[in-house]
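In what follows, a structure is listed as structure tokens, so that the remarks can point back to it.
The values are calculated or read from the model by the stated rules, or taken from the named source; none is laboratory data. What you see is a predicted model; the values in this text were computed from it and never measured. Here the Cβ positions follow ideal geometry from the backbone for every residue, glycine too, while neighbour counts run over all protein chains shown. Side chains included, ligands, DNA and RNA excluded: accessible areas come from the protein's heavy atoms. Shrake-Rupley method; radii C 1.70, N 1.55, O 1.52, S 1.80 Å.
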Amino acid sequence: MITDHYNRNIDYIRISITDRCNLRCRYCMPEDISFVGHDKILRYEEITRIVQILAQRGITKVKITGGEPLVRHECTDLIREIKEIPGIEMVTLTTNGILLQSMLPKLLEAGVDAVNVSLDTFQRARYEHLTGKDACEMVLAGIQDAYKSGIPLKLNCVPIEGENTDELSEFFSWAKRKQIAVRFIEMMPIGYGKTYKSVPSDEILRQFFEAYPDAYRLEKSLGNGPAVYYSAPGFAGEIGVIGAIHEKFCNTCNRIRLTSEGFLKLCLYSGEGLDLRAMLRGGCSDEEIAEAVTNVIERK
Ligand code: SAM
Ligand code: SF4
């Protein structure tokens, strides 16, 4: 087991497998972004080696993310390999959904345990405005197919003042009609997110309870993250809020992050961590890497 100095059990890693993306969400990436050279990005065998080392120390859950993870060539092979690592109990994916429909069969075959799809609007023109691509229908088709396949599904929406807050009731109604967790993530003031006005989780919940006065909070957790979930009579699914700014959930933080360049980050809001790529490519043994990881996590 890996514990930090607050005695939090670190059992979850988010792995960004690429910095590239097939969208340009306004709050995340500029149009003219330049990407890191391929030689600087961890190779699949480097990622699986890191996961093997971490699994021996108590990491059991892996989230594959990006950039957009599905744009990386043969990413389903990586997912399959990670799933086969002894000790890894769950491998989930966060995607913008553009390639979900076409890649779903391979994802299911690779054994992915759950999928989170990011979708901030159901409106075609607005989707294009927010992401730079006229692809809302494609994402909805991917969600539909994933839903039909029975894989656990979550929708992630970043509510943005003046952009998509008039669609909250539509998001609520998705959770009512479908067995899906619809989650609202507060805009984090990082990168381009700083230029947008976040909608506090309290405000989302106020509107939810206004629309569904008999709504109630669920005590159970529906995943590995900091979301707090609610439902209401007649609902097939749930509403979740992730108060990245207005709620403090650091005390229960169980996660570490690996960037696509192989830097192990201890916290989204801190630059502290460990350059695992340098260790891997510098010829360090598994034991040396494991010890360095354990030491750095202790400082989380
Ligand atoms: N490309 C994939 C996707 O969009 O799901 C995975 C990576 S993306 C960075 C993961 C999530 O981060 C998305 O749900 C996106 O909306 C969210 N995100 C990006 N920038 C954010 C910000 N400044 N504040 C809050 N969430 C943000
Ligand atoms: Fe790409 Fe996800 Fe960022 Fe949108 S939020 S630009 S889909 S990485």
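Over region 71-229, what is the percentage of antiparallel beta bridges among all DSSP beta bridges, to the nearest 5? Don't skip to the end; give the middle numbers.
On the way: 1 of 13 bridges.
Of all bridge pairs located within region 71-229, approximately 10 percent are antiparallel.
With r as the distance between the Cβ atoms of HIS73 and GLN179 and R0 = 25 Å, compute the FRET efficiency 1/(1 + (r/R0)^6) and round to 0.05. Walk me through the numbers on the way to the answer.
On the way: r = 33 Å, r/R0 = 1.30.
The value I calculate is 0.15.
Using only Cα atoms, what Kirkwood radius does region 169-215 have, in angstroms? Working shown, then result.
Details: mean 1/r = 0.0826 Å⁻¹.
Result for region 169-215, one decimal place: 12.1 Å.
Distance cut-off 31 Å, Cα to Cα: go down the list LYS133/LYS197; LYS83/LYS154; LYS178/LYS265; LYS106/LYS197; LYS83/LYS194 and report the pairs above it. Write down the numbers at each step before the final one.
Values: LYS133/LYS197 22 Å; LYS83/LYS154 20 Å; LYS178/LYS265 35 Å; LYS106/LYS197 38 Å; LYS83/LYS194 36 Å.
Where the Cα-Cα span goes over 31 Å, the pairs concerned are LYS178/LYS265; LYS106/LYS197; LYS83/LYS194.
Taking only Cα atoms and a 10 Å spring cutoff, compute GNM fluctuations for the chain and point out the largest among GLU137, GLU81, GLU31.
Result for the chain, Cα springs under 10 Å: GLU31 fluctuates most.
Mind running the shape call on region 48-132? Use the C-alpha gyration tensor, a ≥ b ≥ c as the square roots of the eigenvalues: rounded below 1.5 for a/c, prolate if a/b tops b/c, oblate otherwise. Don't skip to the answer; put the middle values down first.
Numbers: a/c = 2.72, a/b = 2.21, b/c = 1.23.
It is prolate, given that a/c is not under 1.5 and a/b is the larger ratio.
Contour minus end-to-end for GLU288 and ASP145, with contour as 0.36 nm per residue of separation and end-to-end as the Cα-Cα distance? Show your work: numbers first, answer last.
Details: separation 143, 0.36 × 143 = 51.48 nm, distance 4.41 nm.
This chain segment gains 47.1 nm when fully extended.
Return the equivalent ellipsoid semi-axes of the chain as a descending list in whole Å, where each equals the square root of 5 times an eigenvalue of the C-alpha gyration tensor.
Values: eigenvalues 195, 93, 74 Å².
Ellipsoid semi-axes (Å, largest first): 31, 22, 19.
For a quick check, take a GNM of the chain with Cα springs below 10 Å and name the residue from PRO159, PRO226, PRO105 with the largest mean-square fluctuation.
PRO105
Leaving out ligands and nucleic acids, note down the accessible area per residue over region 19-61 with a 1.4 angstrom probe, in whole Å². The partial results should precede the final answer.
Working: 2230 Å² over 43 residues.
Accessible area per residue, region 19-61: 52 Å².
Over region 83-197, with a single point scatterer placed on each C-alpha, what log10 of the ratio I(q)/I(0) does the Debye formula yield at q = 0.09, 0.14, 0.20 1/Å?
-0.26, -0.62, -1.13
Along the Cα-to-C-beta direction of PHE35, a point sits 7 Å from the Cα; which residues of region 72-101 have their amide N less than 20 Å from that point?
Only 72-79, 93-101 pass the distance filter.
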